[in-house]
Amino acid sequence: MSIPGLWQRAREAWRTEGAGRAEPILRQLVDLQRTSPDGLPSDLHEARLSLAHCLFEQQRPAESLELERLVLTESERREGPLAERTLEALHAMGASLLELGRLEEADTSARDMLARCEAIGDAAHPLTAPALRLGGLVAEARGDAARSEALHRRRYEREVQLAPREERRLRNFARHWGWSLVNLRRPEAARGAFALACPSPSEAPPAVALGLAFCTALETGDDAPVHVLLEDCRASGRLDAVVIDQAERRLQQLRTPTVEPGERPQR
């Protein structure tokens, strides 16, 4: 089968059956791209990054990290430190390091990526927002509330300036910001971010309503409303099962007095 045909098969397998079904097809693509006399380095980089993402989605970050380091090294050498492929590899590597709990290395990758995006000098560069979010998540995991909030705020405010009419995107950014503040046990600030995601609490979508319930639990010590909402979401299918599982792990964390630096909050 041709390389374009394999790409199509991989995308369809991932969409319909999950990352596990796409993995062998992506491995075949990597082998073909590596040995093809007509293949370009950028094509091989794309195949390797796609395979790395596939492994990451299967909760195999150590394996994805190996591929991401390889792409980063090759892309820096061939395309330069500010090339889009280089930045994509750096971002993926930071996410894998974060998932592995290697927070100092993840922080270095996140700061490096953001610095490179800023060096490009394009306020609308598409990878600046991912760089800001990665930095915010790493700071959150390290217990650095001030840096985490500053980066999430900057990400949201940047989007307001660049695309003020993209309401859905803005609300998603505000929701991410709110959940980060929940993880850092700052319910009052989290309510402010969730208000940007949905000004009317009575009309809040499930993910925002759940975030507000967590704020109340943090403020009162009573997590019963969170349990009720989770059961309702589970019964109605209004939230994905993975999101519900993450929320239940957050409930367990509520019983811990503080979030210690170095602990990775659940997403």
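The values are calculated or read from the model by the stated rules, or taken from the named source; none is laboratory data. Remember, it's a predicted structure, so these values are computed and weren't measured experimentally. Note: ideal-geometry Cβ built from the backbone for every residue, glycine included; neighbour counts use all protein chains shown.
Among the residues of segment 199-213, count how many are under 22 Å from the mean Cα position of the chain (by Cα) and farther than 19 Å from LEU230 by Cα.
0
Of all residues being basic (Lys, Arg) and either at pLDDT 95 or above or under 19 Å from GLU118 (Cβ atoms) (or both) in segment 63-92, which is surrounded by the fewest Cβ atoms within 10 Å (Cβ to Cβ)? Just the residue, please.
Looking only at segment 63-92, we keep the residues that are basic (Lys, Arg), and these are 69, 77-78, 85.
Next cut, either at pLDDT 95 or above or under 19 Å from GLU118 (Cβ atoms) (or both) only: 69, 85.
Values: ARG69: 16, ARG85: 20.
Among them, the one singled out is ARG69.
Could you check segment 139-154 and list, in sequence order, the residues that are out of contact with any Ser or Thr (no Cβ under 6 Å at 6 or more places or on another chain) and within 17 Å of ALA195 (Cβ to Cβ)?
Scanning segment 139-154 gives GLU149, ARG153.
What is the number of the single condition among (1) over 25 Å from ARG154 (Cβ atoms); (2) touching an Asp or Glu at 6+ places or on another chain (Cβ under 9 Å) that ALA106 does not meet?
ALA106 satisfies all of (1) over 25 Å from ARG154 (Cβ atoms); (2) touching an Asp or Glu at 6+ places or on another chain (Cβ under 9 Å) except (1).
What pairs come up if the first residue lies in segment 204-222 and is more than 18 Å from GLY237 (Cβ to Cβ), the second is hydroxyl-bearing (Ser, Thr, Tyr) and in a helix (DSSP H, G or I), and their beta carbons are under 8 Å apart, counting only those six or more places apart or on different chains?
Here the result reads ASP222/THR216, each pair linking segment 204-222 to a residue that is hydroxyl-bearing (Ser, Thr, Tyr) and in a helix (DSSP H, G or I).
Would you be able to say whether some residue in segment 51-62 is surrounded by fewer than 16 Cβ atoms within 10 Å (Cβ to Cβ), under 29 Å from GLU105 (Cβ atoms) and either hydrophobic (A, V, I, L, M, F, W, C) or modelled with pLDDT of 95 or more (or both)?
yes
What are the residues in segment 178-220 that are surrounded by fewer than 22 Cβ atoms within 10 Å (Cβ to Cβ) and of a type in the set (S, T, N, Q), if any?
Hits for segment 178-220 are SER200, SER202, THR216, THR220.
Among the residues in segment 8-24, are any touching a His at 6+ places or on another chain (Cβ under 9 Å) and at pLDDT 90 or above?
Quick first cut of segment 8-24, residues touching a His at 6+ places or on another chain (Cβ under 9 Å) only: 19.
Imposing the further condition that a residue be at pLDDT 90 or above reduces the set to 19.
Taking every residue of segment 8-24 in turn, at least one turns out to be touching a His at 6+ places or on another chain (Cβ under 9 Å) and at pLDDT 90 or above.
So, of the residues in segment 192-204 that are touching a helix residue (DSSP H, G or I) at 6+ places or on another chain (Cβ under 8 Å) and in a loop (DSSP other than H, G, I, E, B), which turns out to be modelled with the lowest pLDDT?
Once the filter is applied, the top-ranked residue is ALA204.
Inside segment 9-49, can you point out the residues that are more than 24 Å from LEU72 (Cβ to Cβ) and touching a Lys or Arg at 6+ places or on another chain (Cβ under 6 Å)?
Result: ALA13, single match.
Got a sec? Which helices (runs of 4 or more DSSP H) wholly within segment 94-191 have at least 3 residues that are free of Cβ contacts under 8 Å to residues at least 24 places away in the same chain and of a type in the set (A, V, I, L, M)? Full working, then the answer.
Values: elements: 103-120, 128-141, 145-162, 167-183.
Answer list for segment 94-191: 145-162.
Residue under question is ASP223, and the condition is that it be of a type outside the set (Phe, Trp, Tyr), closer than 21 Å to SER180 by Cβ, out of contact with any Leu (no Cβ under 7 Å at 6 or more places or on another chain) and surrounded by fewer than 20 Cβ atoms within 10 Å (Cβ to Cβ); does it hold?
Working: of a type outside the set (Phe, Trp, Tyr): yes; closer than 21 Å to SER180 by Cβ: yes; out of contact with any Leu (no Cβ under 7 Å at 6 or more places or on another chain): no; surrounded by fewer than 20 Cβ atoms within 10 Å (Cβ to Cβ): yes.
In short, no.
Would you confirm whether or not segment 93-114 contains a residue that is acidic (Asp, Glu), surrounded by fewer than 15 Cβ atoms within 10 Å (Cβ to Cβ), modelled with pLDDT of 95 or more and more than 28 Å from PRO201 (Cβ to Cβ)?
Of all residues in segment 93-114, those acidic (Asp, Glu) come to 99, 104-105, 107, 112.
Filter once more, so that each one left must be surrounded by fewer than 15 Cβ atoms within 10 Å (Cβ to Cβ): 104.
Now restrict to residues that are modelled with pLDDT of 95 or more: 104.
Now narrow it down to the ones that are more than 28 Å from PRO201 (Cβ to Cβ): 104.
Yes, segment 93-114 contains a residue that is acidic (Asp, Glu), surrounded by fewer than 15 Cβ atoms within 10 Å (Cβ to Cβ), modelled with pLDDT of 95 or more and more than 28 Å from PRO201 (Cβ to Cβ).
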